[in-house]
Structure formats: structure tokens, C-alpha cells
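Enquirer: Below you'll find the structure I mean.
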């Protein structure tokens, strides 16, 4: 139980035939009584947003931040599909709205899969009715919903966080920011905390920065990225900062789960930059290192080749002095003042052979710091992404 | 004969033991009489420039754009090596200056190889004398020089271009912008055209933009990138625009040769963006597509997955309208007005199975255009870059 952990939510899933495999590919998360509750969302900044992103944005704006359900499909991104794609995404909202007794505007939609293929709305329409009918039955289907939204992911990503007086549940999919073959990271969160839409939106935006927006697998920003939270209010108002903290913890957990399950990755790498001119510069420098093919290849080979890290920091477009930089792998300095530092190679090698690698870059310039989560680059990523077939 | 094709230049090469393999690793290109001639250079904008970049910049500034020789070594980048590294690079210039009877300031230096390893100046010093002594002997050693500067490259890159009354010769190394294991692209050009230093610098800068600066294999900007041209003046003044055109042709040829020999690459991909708001926006959009891991994987798999191309264009930070974009592979439209276009799959497949792939993106917004040369991403790149050993 994750997404249905907070009071007032139900979930259901089913197979519509969108995935060629026949696996479940439709999920609905809704309020138990079908009535709209405060909702907030963060969408991709891709200038070619998928149809579901366009429709969900419109619905949320039109409703003033209220929603009763989220419908999710996997196997086709419904991106670069033109007007028919937009009509299909709107139709999914209509069908779910009819099923739960809500206006279409109170239904949000998320889709993930291949870009540029017309969305098979006929298949989806047929399945929506039975999926909606299943919601709220005795059997909790939150795990089924979390599995139905996966594409190339190998495991479901779920989390349930309890706080004093309320809880936050969440599920996500994404084997990369733009996942291999399939586009998208999607996340749906629920909470029973009582909160108004603007406060909910601010809390979600704050939670997304250090979690999803600090995760990069391949540097690609998908056409479909969407994070949505619904708040039933059944548990009463949270204490000061409590909702922000719970949402941040939930998003952080999902981001870690996505990195661990990233396409073809064998390592999860946390890159921390300190001593930068500002937090923003630290974050940009960390991201430049994280997106470097050469650094990612070194991680795959468990090689602490810090020269590449220095070169990336020095082309990150932030303040940098080559004579002040120090580089640490697993806390061991391999470079100090910009040149090689004597160190215990066995200790570094042992750290790099593990599943989690910690790379710390101290710039020696100021007090700015930031961290980015990434993965190594190995044959698996290429094998997953060479062809769509 | 390439670098010694233009009148007034000699070249020599030898093995100093910098490369563990014992292969030739030192080259000298000098004026035949050891006297300085107009010279120009373009260096990396990496904020951690290697010692040879720092020294060459100082020498060229101090001499007012005059040089008598370029000394090049391969196997160690002499980058992130601190004050000893700078002293070593300066010492190389002194030794060559002594050998050819020129001031150290009239000698420029280029180095390539691993970053962060102290440079073995003792080895190099011993070899410089014999290399310098060989220059100008009956046997032209331009091919030996072109081979001596290679690291993970598999073939030498040379070109000789004749124009009315003068010629341009050139050699380069680079299996990536930041080449696998080894850092750097280096290029040395010679010409017998008569030209003053400022004119030469302007012509070189113009030539570098559409050639080396429009080539990206992995998006990494090395600590050592250097392009140098020496002009002996023995052939008299070139006609209007003739030198610019010859330098551009030489740089373009070397860039093509580097792409064709890039680490682990199986395809050379030319990405052209037209219909952009400006040439600068077109170039930035083309580079975003070229640096996309997902697009590069698709090229490796010969899969015309244009959805990824649209997604990259839409996150390139330039003007973009998803309803106006068209995508062509080998001249065949696979996407028009932002959605899938009917096309002859066999024709596209035949184009993608070749060694050269042409990807054209028409944005439909303005008259800006630009092109970037890149490669696919396959297992070979990862295998070359996992470890430095």
C-alpha cells in the first residue's frame, strides 16, 4: 500500500493492450468519493510537451488547482501526435470523469512510452470502464497501479511516509529522465493532509528541486515528465513545514529508486560540489560532471580518473580556479590544489567497486554547495536504446 | 607530404618514451631557416588549461604573433600538473629553440594524453635534440610527425591544399573532442602565403568555427585543445578571401577525418538545422541533438526514431514550435508539422545502414541555419573509456 495509504484515495489498474506485451498499462488514482480535492503539479519544460501535459495543465488551471483523479497509461507517450493526440488525452479524462462522477476538468492525465506514434484511444476507452469500476473494491490495487505505469523499469517505485497526523503516499516510473525507448518520468503523490492548492503547489515545487530535478541519467528532458499530488484533507492540517518535509522525503525516495533502476546502470553516483560561488553554481557544476560521458564511463570501469572531473568542472560555465580544486572519491582525496594527491589506492578501489559511489568536488571559492544523483554509463544503456523494437 | 608541403617548413619526429608503447611521441614542425614567421592560434576555453596551452598563449602574446616552431608530444597531457608542469612545457620550448637557433618565445608547444600525471620532462629532453637534428634532412618526415602526435587515434590525419600561388598543409590528432583516456584535439597548419599576424589570426578563427567548433563526439571540451598556423610568406600574398577559404577547407577536412576515426564510432552523422530564428540558434539546436545520448544510440542502432530528435530540439533553449518542425533522414521526411509522416521505410533504412548519416531538422520559424558533425554511441566508446589502463 503506497498511493492509497493516505485516507481518502483508491486505485485501480488494468490492461488495455497499449503495451504490445499485454501487460497492465492503465492505472487510475482517484478520491474515494469522486469529489475534487486540492491538487498541484509540476510539468516538463520541454517545448514539445506531450498531449497529456497540455491537457493536465489546462485542467488544473481551469479548476483552480482541484482534481478528483489521475489517469495514467503506459506504452505510448502520446507525444508529437498533434490534434488527435490532444483529443485522445481529453477523452481519457472524460471517460474517467464519467466513471467516478466528476467533471472531466477534475481529471488529470499522465502518459508514457514511445514518442510520435498515434495513441490507440479505442483500446484505452474499452478498458477504462472496467478499471474505474474496480476502484475501491476490497482489494487494494496500489501495487497494481504502480506496476501498470512502468515501461522499461524493472521494479515498481513506491513509498509511504507517515508523519504526525497525516501521511504521504507515492508511486513513480522512470528508468531515465528521458527513459530508454520510452519517454518520461511520472510520479503521483497522495496525502491526507489538509492544505489549500497554492500551499500544496509551493510544497511540491520545493520538493521537486532537490529530488527529481537533481537526478540525471542521460541529460534528456522528456516530453511527458509530470509530478502530481492530490490532498484529501481527511487528516487535518499538518504542522509547520511538516508537509514540505514529507513531500521532499517521498520525492527523494522515488528519485533514488529511479537511479537504482536506471537503464543499464550498474552504479548510483552522488556528485556533490562544495566551495562554489553560489548554490546555483555548485548545482550546475555537479550536473556538468554528472552528464559527462567520460566521467560516467570511468564510473562504469570503477576508475577514479579525477582529471576528467577537473576538466568538466572547468567547462561548467561557473567560477573555477584550477589551483584550488580538490576531488574526493568515497571521502578520500585523490586531487588537492589541482594536482594529484598521494592516497590509499586500495581504499578508493574498494569504494568504487560498490554499488553507490560518492564523488565530492571542493572548489575552494565560496560557500555554495549542491548535489546531483546520476548513474554510470555501460553497455546496457546502449543496448536498451539502440532501437525501439 | 602535408605539413611540409608549403614552402619553408620542415618536420621531424622521434620516440622519447612518453608513450608506454615506445611508439614515436615527439614531433617538431619548424621554419626551414629557424626564423620566426607570422603565427596564429586558437586555444581551448577550458578554465583548467593544460601547461602547454598556458605557455603557448604567453609566447604568442609576447612575440606579437610570431613563431619559428611548434613542438608536440603525445602520451601525457601535462594538464593538472601545477608549476612543475608549466616549467616542463617551457623547457620543451627552450630545448627546441636552442636546437633551431630561435628564442624560446618563438616556440609553441602542444601536448596530449592523460590528465593529472606529472610530465616526464627528463625523457622528453633527451629525445628533443635528436629530433631537432633530423629536421630538414633529405627525407621528409611530415607523415612521421602526423603519426607521432596520435594517441587513441587509429589513423593519421593530414591534408595538403593547393591554391593559386600558395598552399596550406595541416595535421591533427583527436579521436574525440576530449579523446578517450587521452585528452585533446591538436592541429598544426602551415602555409606559404604571405600574411601579417592579425590577418592570419582572423582567418584561423573564421576557419575554426564551422569545422572544429562544429564537431562534437562526446560534448567534452579538453584541457589541451589547440590549433596553430604558421605562415612562411615564401609564396607571396594570397588573393582576397583565398587564405580564409583554404584554411577553412583544411580545418574542415581534419574535422571530418577526426569524426571518421572517433573512438568506438561506427557512423559519422551530420546534423543540419534550418528554419531557426538565427544561425546561432540553429547551431545550438544542432549541438543539443548531436550531444544527445539517446539520439546517438539510435544512430548506432540505425533506427530513425525522430521523436527523440524533436524532444531534444524542444529542450535546446532556442525558439521552437512543435507544430512546425519537420525531420528528414537522408532527405526523406519522417516527420512533418510535428507528427509522423508517411514515408518509404526501405529508403530511410538503406540510408541509415551506411557510414554517413544525414539528419536534417527544419524548424519552420526563420532563416537561421547551422550544422554540427557528430558520431553514434556504441560499445566501443565505453570500452575505450572505462579505464585508463
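Enquirer: Which one, B:74, B:12, B:341, has the greatest fluctuation when you compute a Gaussian network model over chain B with C-alpha springs under 10 angstrom?
Expert: Residue with maximal mean-square fluctuation among B:74, B:12, B:341: B:341.
Enquirer: Using a 10 angstrom cutoff on alpha carbons, build the Gaussian network for chain B and name the most mobile of B:223, B:81, B:315.
Expert: B:315
Enquirer: Between residue A:155 and residue B:202, what is the label-point separation in nm under the 7 Å Cα-to-beta-carbon projection?
Expert: Between residue B:202 and residue A:155, the label points sit 6.3 nm apart.
Enquirer: Okay, moving on. Using a label point 7 angstrom from Cα along Cα-to-C-beta, what distances in nm, from shortest up, separate residue B:266 from the other copies?
Expert: Ordered by increasing distance: 2.1 nm.
Enquirer: With the alpha-carbon atoms as the only input, what is the per residue convex hull volume for the protein assembly as shown in Å³?
Expert: Details: hull volume 114.9 nm³, N = 778.
Hull volume over Cα atoms, normalised by residue count, gives 148 Å³.
Enquirer: Would you kindly work out, in nm and rounded to one decimal, the distances from the label point of residue B:133 to those of the same position in each other copy, ordered shortest first, with label points 7 Å along Cα-to-Cβ?
Expert: Label point to label point, same position, other copies: 9.6 nm.
Enquirer: For segment A:268-385, just say rounded, prolate or oblate: build the C-alpha gyration tensor, square-root its eigenvalues into a ≥ b ≥ c, call rounded for a/c under 1.5, and beyond that prolate if a/b exceeds b/c, oblate if not.
Expert: Note, shape of segment A:268-385 comes out oblate.
Enquirer: Relative to the longest principal Cα axis of chain A, at what angle does helix A:121-134 sit, 0 to 90 degrees, rounded to 10?
Expert: Value to nearest ten degrees: 80.
Enquirer: Along the Cα→Cβ direction, 7 angstrom out, place labels at residue A:341 and residue A:87. What is the inter-label distance in nm?
Expert: About 6.4 nm separates the two model spin labels.
Enquirer: Using helices alone, what [θ] at 222 nm do you get for chain B, with -39,500 (n - 2.57) per DSSP H run of 4 or more residues, divided over all residues and rounded to the nearest 500?
Expert: -10000 deg cm²/dmol
Enquirer: Shielding by partners for A:141-151, please: the mean number of other protein chain Cβ atoms within 10 Å of each residue's Cβ.
Expert: For this peptide, the per-residue mean of nearby foreign Cβ atoms is 0.
Enquirer: Here is a follow-up. Compute the helix-to-body angle for A:51-63: its Cα long axis versus the longest principal axis of chain A, expressed 0 to 90° and rounded to tens.
Expert: With rounding to tens, the tilt is 70 degrees.
Enquirer: Continuing with this model, one more query. In peptide B:288-300, what is the residue-averaged number of other protein chain Cβ atoms found within 10 Å of each Cβ?
Expert: Taking all residues of B:288-300 together, the mean is 5.
Enquirer: Run the simple label-point estimate for residue A:103 and residue A:45 please: 7 Å along Cα→C-beta, distance reported in nm.
Expert: Placing both labels 7 Å beyond Cα along the Cβ direction yields 3.1 nm.
Enquirer: Within a 10 angstrom radius of the beta carbon, how do A:299, B:171 rank from fewest other beta carbons to most? Numbers along the way, then the final one.
Expert: Details: A:299 28, B:171 32.
Lowest to highest Cβ neighbour count: A:299, B:171.
Enquirer: Across peptide B:201-212, how many C-beta atoms of other chains are within 10 Å of each residue C-beta, on average?
Expert: Per residue, the number of nearby Cβ atoms from other chains is 0 on average.
Enquirer: Over the alpha carbons of segment A:176-312, what is the largest minus smallest coordinate on each principal axis, giving the biggest first in Å?
Expert: Projected onto its principal axes, the Cα set of segment A:176-312 covers 53, 38, 23 Å.
Enquirer: Viscosity 0.890 mPa s, temperature 25 °C: Stokes-Einstein D of segment A:9-260 from its Kirkwood Cα radius, in µm² per second? Show your work: numbers first, answer last.
Expert: Details: Rh = 17.4 Å.
In µm²/s, the coefficient is 141.
Enquirer: Once R0 is set to 60 Å, what does the formula 1/(1 + (r/R0)^6) return for the Cβ-Cβ distance between residue B:32 and residue A:164, expressed as a FRET efficiency to the nearest 0.05?
Expert: According to the calculation, E is roughly 0.10.
Enquirer: Counting only Cβ atoms, what residue of chain A lies nearest to the axis that sends chain A onto chain B, and how many whole Å off?
Expert: Closest to the axis: A:379, 3.
Enquirer: How long is the gain from residue A:349 to residue A:379 if the chain were fully straight, where each residue apart is worth 0.36 nm and the alpha carbon distance is subtracted? Don't jump to the answer; show the numbers that get you there.
Expert: Numbers: separation 30, 0.36 × 30 = 10.80 nm, distance 2.14 nm.
Using 0.36 nm per residue and subtracting the Cα-Cα distance, I get 8.7 nm.
Enquirer: Still on this structure: Angle check, please: helix B:242-260 long axis (alpha carbons) against the longest principal axis of chain B (alpha carbons), in degrees 0 to 90, nearest 10.
Expert: The angle comes out at about 70 degrees.
Enquirer: Among B:141, B:291, A:33, what is the fewest-to-most ranking by other Cβ atoms within 10 Å?
Expert: Taking fewest neighbouring Cβ atoms as first place, the list is A:33, B:291, B:141.
Enquirer: Could you identify which residue out of B:119, B:212, B:320 has the top mean-square fluctuation in a GNM of chain B using Cα springs shorter than 10 Å?
Expert: Result: B:320 has the largest fluctuation of those listed.
Enquirer: Can you tell me the FRET efficiency between residue A:20 and residue A:321 if r is taken as the Cβ-Cβ distance and R0 is 45 Å, rounded to the nearest 0.05?
Expert: After rounding to 0.05, the efficiency reads 0.25.
Enquirer: Right, next: Provide B:189, A:200, A:72 in ascending order of the number of other Cβ atoms located within 10 Å of each residue's Cβ, fewest first.
Expert: A:200, A:72, B:189
Enquirer: List, shortest first and in nm to one decimal, how far the label point of residue B:94 (7 Å from Cα along Cα→Cβ) is from its counterparts in the other copies.
Expert: So the distances to the same position in the other copies read 8.4 nm.
Bear in mind these aren't lab numbers, they're just calculated from the coordinates by the rules spelled out. This is a predicted model, so every value here is computed, not measured. Here the Cβ is made from the backbone with ideal geometry for all residues, glycine too, and neighbour counts use every protein chain on show.
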